[in-house]
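Taking it in order: structure first as structure tokens, then the write-up.
The values are calculated or read from the model by the stated rules, or taken from the named source; none is laboratory data. Since the model is a prediction, treat every value here as computed from it, not as a measurement. Here the Cβ is made from the backbone with ideal geometry for all residues, glycine too, and neighbour counts use every protein chain on show.
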């Protein structure tokens, strides 16, 4: 019996193996990426970085991951810029540097990486090395939310609910919280339940509250 991956080209199959954590295929994927890397494949360099960052088929090693991400970054891969940002943000094999992380996230976001948009929103909220700026944070969260980032949708809903970095707007808050909740965000489901139970910014509606609590319970299970 053949799997879907058996019908793929080698590089696509290798990517499938890594994305789906197919343990038995890690060696094959590694060999494919190494072969394609010699042809200056930025995408292969990115996936080699992932393998070392995650310990997929190789010992987890952030120093080696950094090397591959830097090679992929030089080739223009947006995912490499994002992970270089994470490495610098968390101080993985390098000295922790939020400002350098921000530079990489800006480059990744400029290439359309929604994860980088979200991280920029967090960086401007946390007030660690980079001064808190709720308006800038909200603008990045809004961009990430519009691009489908579920956690950003949840946070943006709370921003509109409280008026943090944006004009307070309960209908917009509910809209974004519902978007996150329907995308499976447990916190958004519970918060909506609380809002409808208590009449917090919305008409009190115990049936609606129960509907969101039931969704949260199903999500937990």
*Any idea which of (1) in the same structural domain as residue 200 (by TED's automatic domain parsing); (2) part of a loop (DSSP other than H, G, I, E, B); (3) surrounded by fewer than 17 Cβ atoms within 10 Å (Cβ to Cβ) is the one residue 166 doesn't satisfy?*
(3)
*Within the range 119-158, count every residue that is surrounded by fewer than 17 Cβ atoms within 10 Å (Cβ to Cβ) and within 23 Å of residue 189 (Cα to Cα).*
3
_Tell me yes or no: at least one residue of the range 160-171 is over 16 Å from the mean Cα position of the chain (by Cα) and on the phi > 0 side of the Ramachandran plot._
yes
*With (1) on the phi > 0 side of the Ramachandran plot; (2) part of a helix (DSSP H, G or I) as the list, and residue 157 as the residue in question, which single condition is left unmet?*
(1)
*From the list 103, 95, 43, which residue is within 30 Å of residue 139 (Cα to Cα) and not in a helix (DSSP H, G or I)?*
95
*Do we have any residue at all in the range 20-37 that's under 23 Å from the mean Cα position of the chain (by Cα), closer than 30 Å to residue 142 by Cα and either surrounded by fewer than 16 Cβ atoms within 10 Å (Cβ to Cβ) or not assigned by TED's automatic domain parsing to the domain that holds residue 149 (or both)?*
yes
*Is the range 88-98 home to any residue that is at pLDDT below 95, in contact with a helix residue (DSSP H, G or I) (Cβ under 8 Å, 6 or more places away or on another chain), within 27 Å of residue 41 (Cβ to Cβ) and surrounded by fewer than 24 Cβ atoms within 10 Å (Cβ to Cβ)?*
yes
_Take the conditions assigned to a helix (DSSP H, G or I), farther than 28 Å from residue 136 by Cβ and assigned by TED's automatic domain parsing to the domain that holds residue 19 and apply them to residue 48. Does it pass?_
yes
*Given the conditions (1) farther than 19 Å from residue 14 by Cβ; (2) buried (at least 24 other Cβ atoms within 10 Å of the Cβ), and given that residue 74 satisfies all but one, which numbered condition is not satisfied?*
(2)
*Only residues that are closer than 25 Å to residue 144 by Cβ and crowded, with 22+ Cβ neighbours inside 10 Å: list them for the range 194-208, please.*
195
